[in-house]
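K.L.:
Take a look at this one; I'll ask things after.
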Amino acid sequence: MNDPRLRSLPGPRPLVGLLVLGLLAGLIVIIPASPAAAAPIFKLPFRCGEVWHAGTYPGHSPDVDWNAYPSDYGRPVLASASGTVRVGMARLGEMWIDHGGGWSTRYLHMENRPTNLNGRYVSVGTQIGTVGVVGGGASSPHLHYEQRYRDVEQPVAIDGVRIR
């Protein structure tokens, strides 16, 4: 491999934003990579007109714990965007909604999660449970809420506005 012609050839150049699909008889087929899907416009996971407080603490971010005062126990939890439901672990009061394009939401500590919603498509505003104190070290009623892109937590945004 001491052929000087090989050393004078330029090295490979990275293909930024491109996905190489294959090599067929010396022909490289290149298709542009799809851009990241835009986030859905997430709504509050509660009824209109209700006042809720969003909070977090170090090591708990970027997810949010929602509370309504003086009492939020048993209040309805709504799908914050349309998508397909996946009922999670009962011991955590968990529910997931896949919104497509890599986006999902995760809800924890809920009671009264309708298991018949598993695998079904729901519209924004559909009730998916009630606020509870189920699992995960919950010591008082609240809703733990996450927005995820490709299963990585993202800063929570409601109506396109980051809330913290």
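K.L.:
Please compute the net charge surrounding residue 153, taking Lys and Arg as +1 and Asp and Glu as -1 over other residues with Cβ under 9 Å from its Cβ.
P.N.:
-1
K.L.:
In addition: Please work out how much length the chain gains when fully extended from residue 118 to residue 159, using 0.36 nm per residue of separation minus the C-alpha to C-alpha distance, in nm with one decimal.
P.N.:
Numbers: separation 41, 0.36 × 41 = 14.76 nm, distance 2.58 nm.
Difference between extended and current length: 12.2 nm.
K.L.:
Another question, then. So how do 73, 145 rank on accessible area, 1.4 Å probe, biggest first, that is with the largest at the start? Before the final figure, lay out the partial values.
P.N.:
On the way: 73 120, 145 0 Å².
Greatest to least solvent exposure: 73, 145.
K.L.:
For the range 46-103, just say rounded, prolate or oblate: build the C-alpha gyration tensor, square-root its eigenvalues into a ≥ b ≥ c, call rounded for a/c under 1.5, and beyond that prolate if a/b exceeds b/c, oblate if not. All intermediate terms of the calculation are to be shown ahead of the outcome.
P.N.:
Values: a/c = 1.57, a/b = 1.33, b/c = 1.18.
Cα axes put the range 46-103 in the prolate bin.
K.L.:
Related question: Work through the residues other than residue 75 whose Cβ is under 13 Å from its Cβ and net out their charges, Lys, Arg +1 and Asp, Glu -1.
P.N.:
Spelling it out: positives minus negatives among the neighbours equals -2.
The values are calculated or read from the model by the stated rules, or taken from the named source; none is laboratory data. All values reported here derive from a predicted model rather than from experimental measurement. Every residue, glycine as well, gets a Cβ built from its backbone with ideal geometry; the counts of neighbours run over all protein chains shown. Quick note on the areas: whole protein, heavy atoms, side chains included, nothing else; ligands and nucleic acids left out. Shrake-Rupley method; radii C 1.70, N 1.55, O 1.52, S 1.80 Å.
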